[in-house]
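Structure record follows, encoded as structure tokens.
The values are calculated or read from the model by the stated rules, or taken from the named source; none is laboratory data. For clarity, every value in this text was computed on a predicted model and none was experimentally measured. Cβ atoms come from the backbone with ideal geometry, glycine included; neighbour counts cover every protein chain shown.
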Amino acid sequence: MTTIYDVAKHAGVSPKTVSRVLNQDKSVKDSTRERVERSMNELGYIPSSAARTLRSHRSGLIGVIMGVTTDNIEAADIQGGLPDIFLTKGAHMVAEQTGKTLLVLHCGNNPNRLADAIRRFQQYRAEGIVCVSEFHQKIALPFKPDCPVVLLNCFDDDNTPAVLPDDESNQRRLTEHLIAHGHKRIAYLTPPNHISATPLRLAGYRAALQQAQLSTDENLIATGYTTRHNSIDDLWQALHHVLQQPERPSVICCGNDEMAMRVYGMLRTEGIKVPEEISVAGFDDHKQIAETLYPALTTVELPYTEMGKRAIEILLRQIEQKTQPENAHEWVEGKVIWRDSVLKAA
């Protein structure tokens with residue numbers, strides 16, 4: 001096995017210089033660094049992470065716990081998949097740039113497994129932990145770890161640093177775009193009332209109407225889904241409610257893109273053309289849905305990748321500065337994605 005002494009002899013430097021290169025000491029000359037790195041590559045030298053941890057008291061590891069949820073949500077109600085992928089993708093992008101390694105554990109949406117995951121990362125001497133939820137919700141950490149923690153797509157009552165989607169701003173800006181295109185009768189089919197995002201998005205919808213001095217017609221607001229099972233019967237009932245108003249809405253905002261996809265089909269079943277007779281907007285920018293639908297769906301993105309990046313950046317600052325951020329919650333805005341499902345109102 002190649003050692004640090006073999007690398008030093010091959011590169012014509014001292015073992016101490018090789019160690020400084022391995023520890024990314026900026027005082028090492030570029031020419032020396034390049035010579036040492038070239039020798040390591042030619043000799044196939046692989047640094048010992050255990051030895052580096054002993055020397056620096058840093059493991060270079062960041063623990064990522066996915067599938068974090070609460071006792072209030074049944075596992076069968078969880079819609080996993082894309083949020084996990086993009087949240088973790090953003091985290092990995094920043095970790096890689098800073099030379100950190102992500103270790104990922106999944107709780108399987110079982111709150112009883114969160115404590116075990118935290119303890120395991122502490123055994124690995126992780127420098128910090130990111131707890132990731134598949135949807136915006138409140139959680140409770142079973143105990144305070146002895147390393148920095150950031151919550152991603154979730155929050156708690158203890159002001160643990162958290163990165164969250166700015167649901168209120170995102171829905172407000174989407175509604176403002178609809179108003180700017182002449183829409184005044186804007187229906188809103190909400191996600192389930194028990195999830196954290198719903199009152200925030202509804203507040204954004206109301207704020208945009210108020211800012212434009214448009215009255216809020218409560219008959220144009222209906223609960224699209226009453227649970228996370230996404231019942232088709234609930235959605236039919238909500239859609240019929242807003243369509244049966246004396247003055248029909250010119251556009252329907254849906255709680256998510258999957259709901260919008262179903263609304264497309266329901267409207268066509270009713271003989272209503274999208275967008276010629278009623279425009280439709282979604283929420284998420286689930287591209288496999290939004291870009292496949294015809295017409296392509298106007299929506300607003302949930303900025304999962306950017307949220308993942310921010311979480312690691314906040315965690316690294318805590319690790320380096322050994323201080324908590326001034327604001328416990330960091331809200332991340334997404335972009336309004338304008339496609340073909342919304343026409344200007346007549």
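I'm trying to understand the selection: among the residues of region 133-148, which are of a type in the set (Lys, Arg) and either under 19 Å from GLY108 (Cα atoms) or in contact with a Leu (Cβ under 8 Å, 6 or more places away or on another chain) (or both)?
Going through region 133-148, the residues of a type in the set (Lys, Arg) turn out to be 138, 144.
Selection gives LYS138 alone.
Go through the residues of region 268-285 one by one and say whether even a single one is of a type in the set (Gly, Ala, Ser), over 28 Å from PRO192 (Cβ atoms), surrounded by fewer than 19 Cβ atoms within 10 Å (Cβ to Cβ) and in contact (Cβ under 8 Å) with a residue 60 or more places away in the chain.
No, that holds for no residue.
Just give me the residues in region 139-163 being of a type outside the set (A, V, I, L, M), over 23 Å from SER59 (Cβ atoms) and touching a strand residue (DSSP E or B) at 6+ places or on another chain (Cβ under 6 Å), in sequence order. Let's see the steps before the verdict.
Restricting attention to region 139-163, the residues satisfying the condition of being of a type outside the set (A, V, I, L, M) are 142-148, 153-161.
From what is left, the residues that are over 23 Å from SER59 (Cβ atoms) are 153-159.
Across region 139-163, the qualifying residues are ASN153, CYS154, PHE155.
Looking only at region 31-66, which residues are hydroxyl-bearing (Ser, Thr, Tyr), closer than 30 Å to GLY108 by Cβ and at pLDDT 65 or above?
Step one: of region 31-66, the residues hydroxyl-bearing (Ser, Thr, Tyr) are 31-32, 39, 45, 48-49, 53, 56, 59.
Remaining after also requiring closer than 30 Å to GLY108 by Cβ: 49, 53, 59.
Residue satisfying the conditions is SER59 alone.
Checking GLY182 against (1) modelled with pLDDT of 95 or more; (2) under 30 Å from VAL64 (Cβ atoms), which single condition isn't satisfied?
In the conditions (1) modelled with pLDDT of 95 or more; (2) under 30 Å from VAL64 (Cβ atoms), GLY182 misses (2) alone.
Within region 240-262, track down each residue that is more than 10 Å from ALA187 (Cβ to Cβ) and in contact (Cβ under 8 Å) with a residue 12 or more places away in the chain. Walk me through how you get there before you give the answer.
Of all residues in region 240-262, those more than 10 Å from ALA187 (Cβ to Cβ) come to 240, 244, 246-247, 255-262.
If the condition is that a residue be more than 10 Å from ALA187 (Cβ to Cβ) and in contact (Cβ under 8 Å) with a residue 12 or more places away in the chain, then GLU247, GLY255, ASN256, ASP257, GLU258, MET259, ALA260, MET261, ARG262 are the ones that fit.
Residue pairs, Cβ under 7 Å, 6 or more apart or interchain, first in region 318-335 and modelled with pLDDT under 95, second of a type in the set (A, V, I, L, M) and outside any loop (DSSP other than H, G, I, E, B). List them.
PRO325/ILE314; ALA328/ALA162
Going through region 172-182 one residue at a time, which ones are touching a strand residue (DSSP E or B) at 6+ places or on another chain (Cβ under 7 Å) and either part of a loop (DSSP other than H, G, I, E, B) or of a type outside the set (A, V, I, L, M, F, W, C) (or both)?
Quick first cut of region 172-182, residues touching a strand residue (DSSP E or B) at 6+ places or on another chain (Cβ under 7 Å) only: 173-175, 177-178.
Selection gives ARG173, THR175, HIS177.
Quick one: in region 106-130, of everything that is assigned to a helix (DSSP H, G or I) and among the small types (Gly, Ala, Ser), which residue is farthest from THR160 (Cα to Cα)? Working first, answer last.
In the first step, residues of region 106-130 are kept if they are assigned to a helix (DSSP H, G or I); the result is 111-123.
Of the ones still in play, those that are also among the small types (Gly, Ala, Ser) are 115, 117.
Numbers: ALA115: 16, ALA117: 18 Å.
Only one residue fits best here, namely ALA117.
Any residue at all in region 175-189 that's touching a residue at least 12 places away in the same chain (Cβ under 8 Å) and under 16 Å from the mean Cα position of the chain (by Cα)? Show your work before the answer.
At the first step, the residues of region 175-189 found to be touching a residue at least 12 places away in the same chain (Cβ under 8 Å) are 175-179, 181-189.
Next, from what is left, pick out any that are under 16 Å from the mean Cα position of the chain (by Cα): none.
Within region 175-189, none of the residues are touching a residue at least 12 places away in the same chain (Cβ under 8 Å) and under 16 Å from the mean Cα position of the chain (by Cα).
Going by the conditions given, is THR292 part of a strand (DSSP E or B) and closer than 15 Å to MET261 by Cβ? First the steps, then the outcome.
On the way: part of a strand (DSSP E or B): no; closer than 15 Å to MET261 by Cβ: yes.
Spelling it out, it is not the case that THR292 is part of a strand (DSSP E or B) and closer than 15 Å to MET261 by Cβ.
Looking at region 243-257, is at least one residue in a helix (DSSP H, G or I), surrounded by 17 or more Cβ atoms within 10 Å (Cβ to Cβ) and modelled with pLDDT of 95 or more?
Going residue by residue through region 243-257, those that are in a helix (DSSP H, G or I) are 243, 257.
Within this subset, residues satisfying the condition of being surrounded by 17 or more Cβ atoms within 10 Å (Cβ to Cβ) are 257.
Restricting the remaining residues to those that are modelled with pLDDT of 95 or more gives 257.
Among the residues of region 243-257, at least one is in a helix (DSSP H, G or I), surrounded by 17 or more Cβ atoms within 10 Å (Cβ to Cβ) and modelled with pLDDT of 95 or more, which makes the answer yes.
Looking only at region 305-346, how many residues end up being of a type in the set (Ser, Thr, Tyr) and either in a loop (DSSP other than H, G, I, E, B) or loosely packed, with under 15 Cβ neighbours inside 10 Å (or both)? Walk me through it before giving the result.
First pass over region 305-346, keeping only residues of a type in the set (Ser, Thr, Tyr): 305, 323, 341.
Those left that are additionally either in a loop (DSSP other than H, G, I, E, B) or loosely packed, with under 15 Cβ neighbours inside 10 Å (or both): 323, 341.
Residues in region 305-346 being of a type in the set (Ser, Thr, Tyr) and either in a loop (DSSP other than H, G, I, E, B) or loosely packed, with under 15 Cβ neighbours inside 10 Å (or both): 2 in total.
Let me confirm something: among LEU141, LEU102, which residue is under 11 Å from VAL64 (Cα atoms) and among the hydrophobic types (A, V, I, L, M, F, W, C)?
Numbers: LEU141 fails: under 11 Å from VAL64 (Cα atoms).
When all the criteria are applied, what remains is LEU102.
Would region 135-153 turn up any residue that is of a type in the set (Asp, Glu), modelled with pLDDT of 95 or more and in the same structural domain as GLU320 (by the TED database)? Please lay out each step first, then the result.
Step one: filter region 135-153 for residues of a type in the set (Asp, Glu), giving 146.
Retained after the next criterion (residues that are modelled with pLDDT of 95 or more): none.
The answer is no, given that none of the residues of region 135-153 is of a type in the set (Asp, Glu), modelled with pLDDT of 95 or more and in the same structural domain as GLU320 (by the TED database).
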